[in-house]
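Please read the structure below before turning to the comments.
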Amino acid sequence: MRRRRLLVGAAVSVLLVLVAAGCDPLLTPDGPAPLRYRDDVFTTVTRTSNITYGTAVDQTGATVTLQLDMYEPAGDTAVARPAVVWVHGGSFAGGSKGSPELVEEANYLARKGYVNVSINYRLVAGGCTSGGDINKCVTAIGQAREDAQTAVRFLREQAATYRIDPNRIAIGGSSAGAITALNVGYSPENPGPGDHQGFSSAVQAAQSLSGAQLASGPINAGDAPALLFHGTADSLVPYSWAQGTVQQATDAGLLAVLVTWEGAGHVPYTQHRTEILEDTRNFFYWQLDVKNAAQ
């Protein structure tokens, strides 16, 4: 399957400026190895499971304990590391923070020096599956965004405890998690309800595998730059939705990169694993400005 990159509108001008400055958003950073945040500078990753980051009431009226798993480089002494929030897929009806591709992405970046968290969030029976209740689907999309924003605020509130740089937080996900990641990236002005109020829920970059911005507010200047991966034969989240997201973002003057796989379906992680990992690493490296982060 052939890959191509789509940048439209204002993003073309932005990309040309970045390339001219040697900062193509998907360019592999140069420098002698091992280079932190580009290379594996740690061999072991420490996972801390089931950290509670908040509570919220679901659509059945039940109070849900929101939990995350944290992946961080073992033996790291840096005092302020960039962080990534990972959000799983499952049509807002299922899935978990142990989703295999998220675990791999979290370990991959942790070995390079990042703190990673993979979160659970509120789900609803039927979610956004075929034949499901549209009102429950829309509510579930909003609640997932709110929970992910709560996780971002939690990381900022607990930045000293977990040695996180509060100015360098990204978010990414697959399918429903990708929709959630983009909705968070494009909603800094709408933090929503949830715990840890008083801390920002804005992120500095967003990554999406087979997602699009849905059931959220308008995309505005000042929102996060985004990297989207999408197949043209996706039957669950149509490719045109990703194109529309990129168009809206670039109309707002934002950097939005759409990596397109001709003929690929929904969440083709296995087929494009290396490309996804490396492009995401490079995008976060530049957009979080990690070359100036803690070493």
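The values are calculated or read from the model by the stated rules, or taken from the named source; none is laboratory data. This one's a predicted model, so the numbers in the text were calculated from it and none came from an experiment. Neighbour counts are summed over all protein chains in view; Cβ atoms, including those assigned to glycine, are modelled from backbone coordinates with ideal geometry. For accessibility, only protein heavy atoms count, side chains too; no ligands or nucleic acids. Shrake-Rupley method; radii C 1.70, N 1.55, O 1.52, S 1.80 Å.
Those residues that are surrounded by fewer than 21 Cβ atoms within 10 Å (Cβ to Cβ) and either under 21 Å from residue 81 (Cβ atoms) or at pLDDT below 95 (or both), I need them from segment 261-280; list them, please. Once the filter is applied, which keeps residues that are surrounded by fewer than 21 Cβ atoms within 10 Å (Cβ to Cβ) and either under 21 Å from residue 81 (Cβ atoms) or at pLDDT below 95 (or both), segment 261-280 yields 277, 278. If you go through segment 50-63 and keep only what is open to solvent by less than 40 Å² (accessible area, probe 1.4 Å) and in a strand (DSSP E or B), you end up with 51, 53, 54, 56.
Yes or no, residue by residue, for (1) closer than 18 Å to residue 24 by Cβ; (2) polar (S, T, N, Q); (3) without any contact (Cβ under 8 Å) to a residue 12 or more places away in the chain:
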position	(1), (2), (3)
235	no, yes, no
239	no, no, no
242	no, no, no
248	no, yes, no
281	yes, no, no
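In the set 106, 93, only one residue is outside any strand (DSSP E or B), surrounded by 18 or more Cβ atoms within 10 Å (Cβ to Cβ) and in contact with a Ser or Thr (Cβ under 7 Å, 6 or more places away or on another chain); that residue is 106.
The set of residues from segment 186-224 being more than 22 Å from residue 138 (Cα to Cα) and out of contact with any Ser or Thr (no Cβ under 9 Å at 6 or more places or on another chain) comprises 197, 198, 199, 200, 203, 204, 205, 221, 222, 224. Cβ-Cβ distances below 7 Å connect the following pairs, each with a first residue in segment 128-142 that is under 20 Å from residue 213 (Cβ atoms) and basic (Lys, Arg), a second residue that is open to solvent by 60 Å² or more (accessible area, probe 1.4 Å) and at pLDDT 95 or above, and a separation of six or more residues or different chains: 136/59.
Of all residues in segment 160-184, those satisfying the criterion of being under 20 Å from residue 37 (Cβ atoms) and open to solvent by less than 10 Å² (accessible area, probe 1.4 Å) are 164, 169, 170, 171, 172, 181. Filtering segment 109-126 to residues that are in contact (Cβ under 8 Å) with a residue 40 or more places away in the chain and either in a loop (DSSP other than H, G, I, E, B) or open to solvent by 10 Å² or more (accessible area, probe 1.4 Å) (or both) leaves 111, 112, 113, 114, 120, 121, 122, 123, 124. Within segment 127-159, being of a type in the set (A, V, I, L, M) and surrounded by 24 or more Cβ atoms within 10 Å (Cβ to Cβ) holds for 140, 144, 148, 151, 152, 155. Yes or no: residue 242 open to solvent by less than 10 Å² (accessible area, probe 1.4 Å), in contact with a strand residue (DSSP E or B) (Cβ under 9 Å, 6 or more places away or on another chain), of a type in the set (A, V, I, L, M, F, W, C) and assigned to a loop (DSSP other than H, G, I, E, B)? Spelling it out, it is not the case that residue 242 is open to solvent by less than 10 Å² (accessible area, probe 1.4 Å), in contact with a strand residue (DSSP E or B) (Cβ under 9 Å, 6 or more places away or on another chain), of a type in the set (A, V, I, L, M, F, W, C) and assigned to a loop (DSSP other than H, G, I, E, B).
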